[in-house]
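Below you'll find the structure, written out as structure tokens, and then a few comments.
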């Protein structure tokens, strides 16, 4: 047992919490125990507040569940040793150095434990299956080591500079860095080195290249903050430290009215936009340097660049096939490289959804096989969760399972536009369009240039249609039509929306392009790939198609 342990969580057999003397901790509620167990299974023993509220109080509104979480955290802090459980506006975490996980008990994971919350029960079933599968394979399969992210280029986060002498500005800058560090903790593609590693230096405190070399960082994130009255402007840059080349910069403007919400929005937007910029910079660097040995993560960076250039929506069959070859090469180098399996799942999902092959169901099953393999290797691969969820919903109509994986994707990377898109899709198909829009609209706050923005706009226009918001639905459909006139799935949404709201000319133009992009399109395809839970939503989609003349002989 850890000599510094404050509590021990007994995970197998009956769940229990004990102190260093082995005495059971008294007074813990059922939900308090569930919260501790869930945190113990997360990376860094940390989870987002919204995820915990939804997990433990699935039957309540968001406001009620968050209030219940605040009350439960207050109670737990009184019962647990001081400093063991902590939280801020975004996250809740345990001090992992003071928690011992006892896995020596007899029986299954949390044997006999239940909770009157569908979200927690779904997670518990999934966790029990994962543990059981892992135990069953112990004697047959070689152990898989967690990926060493420091084989990838590291990113150094400098302290942000306050551009005035006002002490409050410096406090806001320091608070923003704290928020950004927490948000970056969800980011698992490039390792991030915090400003504490360089003595909280800002970009003006020395030569960036020399400072970055001390911690072996290839890229640097720098920023400034300026307050003028009630207005606040934050400027952020990404620099390639070896060359001094500026790779990306952006300004964020807001007010001090709700500084905490603004900081959270900015930190999420920074992370969402940095990842594709880094992938793009690495692809250019690889092409420029022609390394003798290209590693698996470099092949993924090359694939991401191809995907970015492949066109709106989900790209072309040719661009996706090119990515498939790169992922197969990555797996030839490392068969246990989870990101490659996840992206193969992504390609097969797209192929099934867009009718690129005759047997749609085979594509969906291959997508599930690939994403399941990625999750066996790395249960915290958020992209594998996203495409596993989408495939379950669109391909197999396994709604509950699909929504579970979509929620996991957001929990693991709440700043990823793709994760938000997957969850938005899941909620849309489950007949919850208003909730879906909260995630779908957030995509464009996180990253206005999201690579799959056409697909997101398709979901937005249909959700607005279901809610009866004519002007918003038509506006989204027009934006979609303008940016992606060759994207079949988007054109289907345009035809439905324009047809349903009697925009005859726009419906006809969209239908002509749809028949060109997808010659085999028919009513059977619509019924198979638009599997809405609510019959009235299916009928609205089909009615829009009929009014546009899509099914006329």
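The values are calculated or read from the model by the stated rules, or taken from the named source; none is laboratory data. Source: prediction; values computed, not measured. Methodologically, a virtual Cβ is constructed for each residue, glycine included, from the backbone with ideal geometry; neighbour enumeration extends over all protein chains shown.
Before moving on, here are some points about what is shown:
- When residues of region 71-92 are limited to those that are in contact with a helix residue (DSSP H, G or I) (Cβ under 9 Å, 6 or more places away or on another chain), under 25 Å from residue 10 (Cα atoms) and modelled with pLDDT under 90, the one surrounded by the fewest Cβ atoms within 10 Å (Cβ to Cβ): 83
- Options 338, 422; residue that is closer than 30 Å to residue 434 by Cβ, touching a residue at least 12 places away in the same chain (Cβ under 8 Å) and in the same structural domain as residue 444 (by TED's automatic domain parsing): 422
- Residue pairs whose Cβ atoms lie under 6 Å apart, sitting 6 or more positions apart in sequence or on different chains, and linking a residue in region 102-120 that is closer than 20 Å to residue 47 by Cβ and assigned by TED's automatic domain parsing to the domain that holds residue 59 to a partner that is in a loop (DSSP other than H, G, I, E, B) and at pLDDT below 85, are 117/58; 118/58; 119/58.
- Conditions (1) without any contact (Cβ under 8 Å) to a residue 40 or more places away in the chain; (2) farther than 21 Å from residue 363 by Cβ; (3) over 31 Å from the mean Cα position of the chain (by Cα); (4) in a helix (DSSP H, G or I); number of the one not met by residue 536: (3)
- Any hit, region 406-413, residues being under 13 Å from the mean Cα position of the chain (by Cα), outside any helix (DSSP H, G or I) and surrounded by 23 or more Cβ atoms within 10 Å (Cβ to Cβ): yes
- Unmet criterion (only one of (1) at pLDDT below 80; (2) surrounded by fewer than 18 Cβ atoms within 10 Å (Cβ to Cβ); (3) in contact with a helix residue (DSSP H, G or I) (Cβ under 8 Å, 6 or more places away or on another chain)) for residue 147: (2)
- Selection status of residue 36, over 22 Å from the mean Cα position of the chain (by Cα), closer than 23 Å to residue 127 by Cα and either assigned by TED's automatic domain parsing to the domain that holds residue 124 or part of a helix (DSSP H, G or I) (or both): yes
- Qualifying residue in region 424-432 (condition: closer than 20 Å to residue 61 by Cβ and in contact with a strand residue (DSSP E or B) (Cβ under 9 Å, 6 or more places away or on another chain)): no
- Test: residue in region 255-275 that is more than 23 Å from residue 91 (Cα to Cα) and in contact with a strand residue (DSSP E or B) (Cβ under 8 Å, 6 or more places away or on another chain): yes
- Given (1) more than 25 Å from the chain's Cα centre (by Cα); (2) part of a loop (DSSP other than H, G, I, E, B); (3) within 16 Å of residue 118 (Cα to Cα), number of the condition residue 31 does not satisfy: (2)
- Scanning region 468-502 for residues that are in a loop (DSSP other than H, G, I, E, B) and surrounded by fewer than 20 Cβ atoms within 10 Å (Cβ to Cβ) yields 468, 469, 485, 486, 501, 502.
- Selected residue (only one of 197, 162 is over 28 Å from residue 69 (Cα atoms) and at pLDDT 80 or above): 162
- Test: residue in region 59-66 that is assigned by TED's automatic domain parsing to the domain that holds residue 114, surrounded by 15 or more Cβ atoms within 10 Å (Cβ to Cβ) and modelled with pLDDT of 90 or more: no
- Residue match in region 431-438 (condition: surrounded by 22 or more Cβ atoms within 10 Å (Cβ to Cβ) and within 22 Å of residue 269 (Cα to Cα)): yes
- The condition (being modelled with pLDDT under 95 and over 30 Å from residue 482 (Cα atoms)) is satisfied by just one residue among 337, 349: 337.
- Where residue 528 falls short, out of the listed (1) surrounded by fewer than 18 Cβ atoms within 10 Å (Cβ to Cβ); (2) assigned to a helix (DSSP H, G or I); (3) at pLDDT 90 or above: (3)
- Only one of the listed residues (501, 481) is at pLDDT 90 or above, assigned by TED's automatic domain parsing to the domain that holds residue 403 and closer than 19 Å to residue 437 by Cβ. That residue is 501.
- Qualifying residues in region 39-89 (those that are without any contact (Cβ under 8 Å) to a residue 12 or more places away in the chain and assigned to a loop (DSSP other than H, G, I, E, B)) - the one farthest from residue 178 (Cα to Cα): 60
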